[in-house]
Structure formats: C-alpha cells, structure tokens
Amino acid sequence: GMRFISEPHILKQFCRAMGDVDLAEVKPASVLAFIAGAGPLTSNWHRKFSVLNGFYHFATSRGFVACSPLPTTVPKRPEPCAPYIYTRAELQRLLAATAVLNTRCLGLKAYLEASTLRTLLCTLYGTGLRIGEALSLTLSDVDLGARLLTVRNSKFFKSRLVPLGPQV
C-alpha cells in the first residue's frame, strides 16, 4: 500500500546528514546517529535501516564501498499500540464536546463547523474508516438510501463499499 514516498525522502535526509563526503568516507557512527535520530526507538528506525540496507547492498555490489557501515545487530521492533475503543458514554461526551469547540482557537487554517466534526467522528466510529479515507469522501460516495459508503483508492489502491449501520 506504500506509494514509495518515504524511500527517496530518507535517502535525501541521509545525504544531507552525511554532508558532502565520498560514500567510502561515511563512518558507522554517523550512520547509526542518523538511523537512531533523537528520542526513543520507533518503527522509523527500522524504516531507515531497511532503506539504507538496500542502498548499501547496491553500493557494495557495485564496488562503491568495501562494506556496509550499518549496525550488525538490529533492535527488536517496539510493540504496536493497542487500539482503544471508546465506550458509548465516552463517545457521547466526545460528541457533546463538538458543540462547544471553536476550531479557530486550535490554529486551523479553515473553520470547522461543529456539525462537520460531529459527522466526521460518528463516521469514523461507526464505520472504522481510516482518517484519510473519511476526509476523502465526497457526496457522490454516500448512498444513504442503501446505507453504503464508497471508499475510493484506499490502501493498496483499491475501492470498497462500507455499510452504514442504522445508528450511524
């Protein structure tokens, strides 16, 4: 489902971080500092490692470098966050809070009506859509008579129909 945006971005970041040096002069400590970044270990560490591993595999196979400066031991991936499912009472309090929300105070570029935010939260909660999918919906994607949403070009570039329950 990736659109291959992160790989070139990571390689550009790596080039900027290493500076204007020959590839053979890049030190393992500098590579490790780039991969580690600042803060705790995240899945981004593994993403950077994977991209650079492919890059250095190419570079060593072509004779640009004698060996890879990447670390030989890879830390265990952090545990994924467990999803939290709101109770009905929590959802009711969250929806009630949308009536008093002033999005101009949040620094948003566009004003968001309370009814729009309420509809978005109900849609997300009632359908399980990803936020990007919900934000991409248009009026033509909604069939209230058949109680269906058409989600277009979602993950893995596929479209799908999502049923709306009677309470949504």
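Of the whole protein surface, ASP143 contributes about 80 Å² of accessible area at a 1.4 Å probe radius.
Can you work out D for segment 114-161 in µm² s⁻¹ from Stokes-Einstein, where Rh is the Kirkwood radius over C-alpha pairs, the temperature is 37 °C and the viscosity is 0.692 mPa s? It would help to have the intermediate numbers written out before the result.
Working: Rh = 11.1 Å.
After rounding, the answer is 294 µm²/s.
Between PHE156 and SER30, what is the FRET efficiency for a Förster distance of 30 Å, r being their Cβ-Cβ separation, to the nearest 0.05? Walk me through the numbers on the way to the answer.
Values: r = 36 Å, r/R0 = 1.20.
My answer for the efficiency is 0.25.
Reported to the nearest whole Å, the Cα centre-to-centre distance from segment 32-81 to segment 124-168 is 37. With no solvent and one point on each alpha carbon, what is the Debye value of log10 I(q)/I(0) for the chain at q = 0.08, 0.15, 0.17 Å⁻¹? With one equal scatterer per Cα and no solvent, log10 I(q)/I(0) is -0.45, -0.96, -1.06.
With each run of n ≥ 4 DSSP H residues scored as -39500 (n - 2.57), what mean residue ellipticity at 222 nm is computed for the chain after dividing by its residue count and rounding to the nearest 500 deg cm²/dmol? Before the final figure, lay out the partial values.
Values: 6 runs with 71 residues, N = 168.
For the chain, the value works out to -13000 deg cm²/dmol.
Can you sort ILE35, ILE131 by 1.4 Å-probe accessible area, starting with the largest? Mind showing how you got there, number by number?
On the way: ILE35 5, ILE131 90 Å².
Of ILE35, ILE131, the descending order of accessible area is ILE131, ILE35.
Note on ALA89 and SER115: their simple-model spin labels are 3.1 nm apart, each label 7 Å out from Cα toward Cβ.
Of LEU101, LEU120, LEU52, the residue with the greatest mean-square motion in the GNM of the chain, using alpha carbon springs below 10 Å, is LEU101. Within the assembled protein chains, the solvent-accessible surface assigned to LYS27 is about 120 Å², based on a 1.4 Å probe.
Within the listed set VAL100, VAL142, VAL26, the residue fluctuating most in the Gaussian network model of the chain (springs between alpha-carbon atoms under 10 angstrom) is VAL100. Taking all protein chains as shown and a probe of 1.4 angstrom, THR119 keeps an accessible surface of around 80 Å².
The values are calculated or read from the model by the stated rules, or taken from the named source; none is laboratory data. A quick note: this is a predicted structure, and the numbers were derived from the prediction, not measured. All Cβ positions, glycine included, derive from the backbone under ideal geometry; neighbour counts span all protein chains shown. The protein model used for the area step is the full one, side chains on, heavy atoms only, and it has no ligands, DNA or RNA in it. Shrake-Rupley method; radii C 1.70, N 1.55, O 1.52, S 1.80 Å.
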